[in-house]
Amino acid sequence: MTLSGHAIAAASACGDHYWAATAPDIIQSAMNRDAREVCFSAFGVMHSGVTRTPLWSAEHLTAVGLRDARQISRVNNFHAESRLPAEERAELRDYVRSGYDRGHMAPSADMPDAQAQSESFSLSNMVPQNSENNRYLWAGIESSVRKLAQDRGELFVITGPLFKGKSITQVGDRVMVPTQLYKVVYDPKRKQAGAYLVANEATSDYSVVSVAELETLAGIDFFPGMPSDIKRTAMRLPAPKAAGGKRKRDPSVPSYREVQTVLDFLRTIIR
């Protein structure tokens, strides 16, 4: 496991988890404030000391790794990330009686061995997530992406939060609650990419957007060096089973024009 310092761009100590061994590039410099890269054995995190959540968690999913993951029994081991400065990290007490789940960005069910699974329970890989969203729609998205990786052999996946509006809520007076969550998927063999985008609420609605559209929302270049035509075209992503077993998709919700990103939130607190 590795911890890198501030001002992270394409250079990455977590290169094994990224397409072309290249980390996403934070386009807007304000988002680099207290941003630290934390590397784990099966995923890499860019952590924000401002929101006390990941800006993203990245994985290279393979059919072999997921086959191994199915043999691992889940053991909940939620813990604060001791490699982060105390003033920048979430603590277990922040989530107590918050009404939110500790939502994995890199899912524990993706992890190929017991060490990786334990690492996935670091709070540096968590956001406050609506419990119904986490256990139904989002779980369905995670399962669908695993199935897609098994079918296609490998995928590069980047998962993270977005923040909308000027009134961002917190848990524990420390940890910011995202209003949207995204999961970017890239199939390197077929050169296809796309992303799921969902509201952090009890819903069965989700959108599939292009990487280019999501990059505009997030202020992040998820795949530096990727041809623009791949980014502009949203691949067909499998429909997840949502709450109640229903499948539902509303491609117009949320509109990217309505979404306020982490950058916008940072501007409000830096002033």
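The values are calculated or read from the model by the stated rules, or taken from the named source; none is laboratory data. Computed from a prediction, not measured in an experiment: that's the story for all the values here. Heads up, the Cβs are rebuilt from the backbone with ideal geometry, glycines too, and the neighbour counts pull from every protein chain shown.
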Return only the number of the condition from (1) outside any loop (DSSP other than H, G, I, E, B); (2) touching a residue at least 40 places away in the same chain (Cβ under 8 Å); (3) not polar (S, T, N, Q) that K166 does not satisfy.
(1)
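Are any residues in region 96-146 of a type in the set (D, E, K, R) and under 25 Å from E201 (Cβ atoms), and if so, which ones? Talk me through it step by step, then tell me what you get.
Of region 96-146, the ones of a type in the set (D, E, K, R) are 97, 101-102, 110, 113, 119, 132, 135, 142, 146.
Hits for region 96-146 are R97, D101, R102, D110, E132, R135, E142, R146.
Residue by residue, here is whether (1) in contact (Cβ under 8 Å) with a residue 12 or more places away in the chain; (2) touching a helix residue (DSSP H, G or I) at 6+ places or on another chain (Cβ under 8 Å); (3) β-branched (V, I, T); (4) closer than 25 Å to A149 by Cα holds:
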site	(1), (2), (3), (4)
Y18	yes, no, no, yes
R33	yes, yes, no, no
V38	yes, yes, yes, yes
W56	yes, no, no, yes
H60	yes, yes, no, yes
A63	yes, yes, no, yes
A69	yes, yes, no, yes
H79	yes, yes, no, no
Looking at region 120-164, which of its residues are among the aromatic types (F, W, Y) and more than 23 Å from H79 (Cβ to Cβ)?
Y136, F156, F163
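From the list Q180, Q192, exactly one residue is buried (at least 20 other Cβ atoms within 10 Å of the Cβ) and either modelled with pLDDT of 95 or more or aliphatic (A, V, I, L, M) (or both). Which is it?
Working: Q192 fails: buried (at least 20 other Cβ atoms within 10 Å of the Cβ).
One residue alone meets the criteria, Q180.
So, P178, is that one assigned to a loop (DSSP other than H, G, I, E, B), touching a residue at least 12 places away in the same chain (Cβ under 8 Å) and closer than 20 Å to S12 by Cβ or not?
Details: assigned to a loop (DSSP other than H, G, I, E, B): yes; touching a residue at least 12 places away in the same chain (Cβ under 8 Å): yes; closer than 20 Å to S12 by Cβ: no.
No; evaluated as a whole, the condition is false for this residue.
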Considering only residues that are modelled with pLDDT under 95 and small (G, A, S), look in region 154-171 and name the one that is surrounded by the most Cβ atoms within 10 Å (Cβ to Cβ).
G165
Out of all the residues in region 161-200, which are of a type in the set (K, R) and within 19 Å of T51 (Cα to Cα)?
K164, K166, R174, K183
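A quick yes/no check of all residues on (1) among the basic types (K, R); (2) closer than 24 Å to F163 by Cα; (3) surrounded by 23 or more Cβ atoms within 10 Å (Cβ to Cβ); (4) modelled with pLDDT of 95 or more:
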position	(1), (2), (3), (4)
A11	no, no, no, no
N77	no, no, no, yes
A90	no, yes, yes, yes
S98	no, yes, no, yes
Q115	no, no, no, yes
Test each condition in (1) within 16 Å of the chain's Cα centre (by Cα); (2) under 30 Å from A21 (Cβ atoms); (3) part of a helix (DSSP H, G or I); (4) not charged (D, E, K, R) for V184 and report the one that comes out false.
(3)
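E81: touching a strand residue (DSSP E or B) at 6+ places or on another chain (Cβ under 7 Å), in a loop (DSSP other than H, G, I, E, B) and closer than 22 Å to L181 by Cβ, yes or no? I'd like the intermediate steps shown before the answer.
Working: touching a strand residue (DSSP E or B) at 6+ places or on another chain (Cβ under 7 Å): yes; in a loop (DSSP other than H, G, I, E, B): yes; closer than 22 Å to L181 by Cβ: yes.
Yes; evaluated as a whole, the condition is true for this residue.
Within region 222-233, how many residues are surrounded by fewer than 20 Cβ atoms within 10 Å (Cβ to Cβ) and either of a type outside the set (A, V, I, L, M) or in a helix (DSSP H, G or I) (or both)? Break it down into steps so the answer makes sense when it comes.
Narrowing region 222-233 to residues surrounded by fewer than 20 Cβ atoms within 10 Å (Cβ to Cβ): 224-230, 232-233.
Filter once more, so that each one left must be either of a type outside the set (A, V, I, L, M) or in a helix (DSSP H, G or I) (or both): 224-225, 227-230, 232-233.
So the count comes out to 8.
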